[in-house]
Every structure is written in C-alpha cells, then in structure tokens.
C-alpha cells in the first residue's frame, strides 16, 4: 500500500529508515546480479546530509520517490527469486533492475540537492 505524503512530514528519521530499507533490498539484488555489495555508510551519510538541508516539498517528493522505488524493487526481487528457484540464471534481469534502482536513487539524491527553494509548479 502506498503511504501518503503526510508521512513525509514526520521526523527525518522515518525517511532515512525507508532509504536504508531500500538499500537492504539493493544488497539482496546485488547478490542476485552477482555484483559486490555496496558500502552503505557513504550513501547513508550523503542522504542524511542532503535530507537535513531539504525543504518540505523536497522531503514529500523524496518520500513518494522512495515509495515508487520500493514498488519497483519488491515485485522485481520476487520475480528474480522465482527465476532462481527454477534453476535459471537471473543475472541479466537482476542487473537490469540494479541499473533501474541506481538511476532512481540518483534522481532522489539530485532532487534533494537542488538549490531551488521554492514549491514546484502544480
């Protein structure tokens, strides 16, 4: 179930927890893609830094984006596990999902780093 943007107004810790949960999924995905796991500490510190300097609209958009990434990762990981359980190689589709995750993650970071401190147009 998609959480409301109202939850994005909660303390920054809940948003950081969601970010960390995504990276736990990404670590599992890295294994399926036969990639070395990433060092999470630098990404976590970077996210905490930009999140602390963000405006409310940026946090709301970050929350929605994290929910969207989660909506991509959960069924993707499930499908990859099914492929693996059938004895098939899940490397190529896992790497494709990995690239999608990285692209989406980079988008969230860049959005939070934007210098513009105004509400986006609606």
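Quick note: the coordinates plus some simple rules give every number you see, no bench work behind them. Remember, it's a predicted structure, so these values are computed and weren't measured experimentally. For neighbour counting, all protein chains shown are included, and Cβ atoms are generated from backbone atoms with ideal geometry for every residue, glycine included.
Cα gyration tensor of segment 12-113, axes a ≥ b ≥ c as square roots of the eigenvalues: rounded (a/c below 1.5), prolate (a/b > b/c) or oblate? It comes out prolate by the Cα gyration axes. Compared with the alpha-carbon gap, the fully stretched path from residue 27 to residue 45 is longer by 4.8 nm at 0.36 nm per residue.
Between residue 88 and residue 72, the modelled labels are 2.2 nm apart [label points 7 Å from Cα along Cα→Cβ].
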